[in-house]
Each structure stands twice: as structure tokens, then as C-alpha cells.
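Here's the structure, in C-alpha cells; my notes come after.
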Amino acid sequence: MENTYVIWDDETKETAVIDPGCHDTNEEIELEKFIDRNNLKIKYLINTHCHIDHVFGNAFVKEKYSPIFLAPEEDKFLLHNAVEQGKMFAIDVKPSPEPDDFIYDGMSIKLGNIKNEFLFTPGHTPGEYCIYFEEDKICITGDVLFREGIGRTDLWGGDTNTLLNSIRTRLFTLPDDVVIYPGHGEESTIGHEKTNNPFLDL
């Protein structure tokens, strides 16, 4: 139940695959068919953070499409021990390739005419980033902020105060009408979460 996001520019078809949660062959095929059906050109593979449910499909996407792979440097230890993470949950995990480059705060990439900004939002993991598309008024929030929920902090490197500070200082400063697309569950808006998220009292 993890959300994989595929974002592309309509004109150039340049595409980013974000947090590929392809846990088995059927899910790999589903993603591949979607990419083929829309004639997409995979330019980037991005991990918002490196817990196993967000990196299952890294090896598949990298081997199939040879994109530029971006991940948080602070989460490199999670990427390296993904197989061990899987064993704790009795899940087989294919080892992830190494990132081609590391994400940093304020970094941006281009997909045709689409531009973004990476926002450093640690707390769920030491290195998580949200991906903000200002012109489109959307923000991919990984496991930082959910619809009326927040990311858990009882896993490797999590810290509740750091997470709440990231939300208040980096996400709740965005316009209220920005739509958030989280790593799990349904989309929401910044304004809705300011008013209705029970974990945040402003």
C-alpha cells in the first residue's frame, strides 16, 4: 500500500519515477505497461527516503531504463541495509543500486518545462526530502505528511520533534491550496492539514 508517483512533461515525455514500490513481478509489469502506454522517457529515479517500501523497485527501474538515480545522502545507510530491513519483516528485497547523485536542500531538476524544488524534511528518516512543484501547486510528501497523519518515527533514524519541525517550517509555509501527494493513502492539501491534522496544533 505504498504510492509510487510517475511525473512527466507532456511535450518532451521526460519522466521521473518517484519511490518505486514494486514489490513483485506483477507490480513491475504494471509500471512498465503504464510507461509504455504513455510513451514515457524515464530520466530520473528518485527516492524521497530509503525505507524498503519506497526502494523495492529501484533495481528494476535502474536496470530497465538507466535513469539518473537520486537519493538522500543521509539515508544511504538505509539503502545499504535494505536487504536486512526486509529480513526483519520476512520480506525479500532486491539490493538497490548506488545513487548517481545525492539530493540536497533547494536542489531542482527539470523534466521538459516542469521544474521542482527539493525540501529537506527529516524526522521520519534522517534524510527525507519532499518534492515541491511550485507552478503546479503540488508537493510529494513521502512519509513526512499524510492526510490527517504524519510519518512514524519509531524506525531507523526517526525523531518525532524533528519531523514536526519539518512539517511546520517547510510544509506549512507553502500555500494552503498546494495539493500533497503522500507515500501512503490519499492526497490532501496544506490548508486541510493545518486545520484537521490531529498531530499538529498550530
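The values are calculated or read from the model by the stated rules, or taken from the named source; none is laboratory data. It should be emphasised that the depicted structure is a prediction, and the values quoted were computed from it without experimental measurement. Every residue, glycine among them, receives a Cβ derived from its backbone with ideal geometry; neighbour counts consider all protein chains shown.
Quick notes
- In the set Asn3, Asn47, only one residue is under 17 Å from Tyr181 (Cα atoms), out of contact with any strand residue (DSSP E or B) (no Cβ under 6 Å at 6 or more places or on another chain), at pLDDT 95 or above and not aliphatic (A, V, I, L, M); that residue is Asn3.
- Scanning region 111-128 for residues that are more than 23 Å from Asn196 (Cα to Cα) and either among the hydroxyl-bearing types (Ser, Thr, Tyr) or free of Cβ contacts under 8 Å to residues at least 40 places away in the same chain (or both) yields Lys115, Asn116, Glu117, Phe118, Thr125.
- Candidates in region 14-36 are the residues that are surrounded by fewer than 20 Cβ atoms within 10 Å (Cβ to Cβ) and of a type in the set (S, T, N, Q); of these, the one that is farthest from Leu79 (Cα to Cα) is Asn26.
- Residue among Tyr44, Tyr104 that is closer than 22 Å to Glu135 by Cα, aromatic (Phe, Trp, Tyr) and touching a residue at least 60 places away in the same chain (Cβ under 8 Å): Tyr44
- Among (1) modelled with pLDDT under 95; (2) under 15 Å from the mean Cα position of the chain (by Cα), the one test that Met88 misses: (2)
- Residue under evaluation Tyr132, criteria (1) within 18 Å of Glu187 (Cβ to Cβ); (2) hydroxyl-bearing (Ser, Thr, Tyr); (3) assigned to a loop (DSSP other than H, G, I, E, B), criterion not met: (3)
- Check on Val61, modelled with pLDDT of 95 or more, closer than 27 Å to Arg152 by Cβ and assigned to a strand (DSSP E or B): no
- Which listed residue is surrounded by 15 or more Cβ atoms within 10 Å (Cβ to Cβ) and more than 17 Å from the chain's Cα centre (by Cα), from Val93, Val178: Val93
- Filtered residue count, region 159-191, keeping only those that are of a type in the set (Ser, Thr, Tyr), in contact with a Gly (Cβ under 7 Å, 6 or more places away or on another chain) and assigned to a loop (DSSP other than H, G, I, E, B): 0
- When the residues of region 19-36 are filtered to those that are in contact with a Phe, Trp or Tyr (Cβ under 6 Å, 6 or more places away or on another chain) and either among the hydrophobic types (A, V, I, L, M, F, W, C) or in a helix (DSSP H, G or I) (or both), the one that is farthest from Asp143 (Cα to Cα) is Glu28.
- Criterion violated by Thr125 - all others in (1) in contact with a Gly (Cβ under 8 Å, 6 or more places away or on another chain); (2) farther than 28 Å from His23 by Cα satisfied: (2)
- Filter result for Phe34 (in contact with a strand residue (DSSP E or B) (Cβ under 7 Å, 6 or more places away or on another chain), within 25 Å of Gly157 (Cβ to Cβ) and hydrophobic (A, V, I, L, M, F, W, C)): no
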